[in-house]
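Remarks on the structure that follows.
Read-outs throughout are calculated quantities, based only on the coordinates presented, and are distinct from any laboratory measurement. These numbers were taken from a predicted model, which means no experiment stands behind them. Note that each Cβ is placed from the backbone with ideal geometry, even for glycine, and that neighbours are counted across all protein chains shown.
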Amino acid sequence: MEGVQLRLAEPHEAKRLWYLRNKALRFGCQHVYPPDILAAWTPDEMPDGYRQSIINNPFYVIDDKKLSIPVASGFLDVITGFAEAIFTLPECMGKGYAGLILKQLQYEAKQRTFVQLFLDATPNAMLFYLKQGFTVLEEREYYSSLAQANLHCYRMYIDL
């Protein structure tokens, strides 16, 4: 991909990546979850644990050189084997950035001897993951401590 760079995130970028997360969720999930739940799930103030996720895991970003900012993100939780925080700025969706992040996370999972990569997909993102080769394991509710609510999602996996 011309003009983009895949790289590891740095802890000092945490607030910028939190902003990316919130913008992607507010756009992508606006018709999925009630407004009050979505607002609680995407607070402007970043929890301390988000920076720690960058420190403790292979957390990738894609920079768009024209915009000079990270436009997509995602990380492998090295404890659980789950792909997490796969987000793309709404204005950059459809360019293949999330797919590139997913491929890198699959590589990272294989390097750590995981045989499957898991994720919990919001209903609006499920089709994207199916197109990436993931399979639905189950429909479920994910409890969000931020939203203090159960969020409907799909547990998915891909064999590595």
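For the stretch 134-159, the set of residues classified as surrounded by 15 or more Cβ atoms within 10 Å (Cβ to Cβ) and part of a loop (DSSP other than H, G, I, E, B) consists of F134, A147, listed by residue number.
Pairs meeting the criteria (first residue in the stretch 132-145 and touching a residue at least 40 places away in the same chain (Cβ under 8 Å), second residue part of a strand (DSSP E or B) and surrounded by 14 or more Cβ atoms within 10 Å (Cβ to Cβ), beta carbons under 7 Å, at least 6 apart or on different chains) are S144/L151. From the set of residues in the stretch 104-121 that are more than 13 Å from the chain's Cα centre (by Cα) and part of a helix (DSSP H, G or I), which is surrounded by the most Cβ atoms within 10 Å (Cβ to Cβ)? Looking at the filtered set, the residue picked out is A109. Scanning the stretch 105-131 for residues that are touching a residue at least 60 places away in the same chain (Cβ under 8 Å) and of a type outside the set (A, V, I, L, M) turns up T122, P123, N124.
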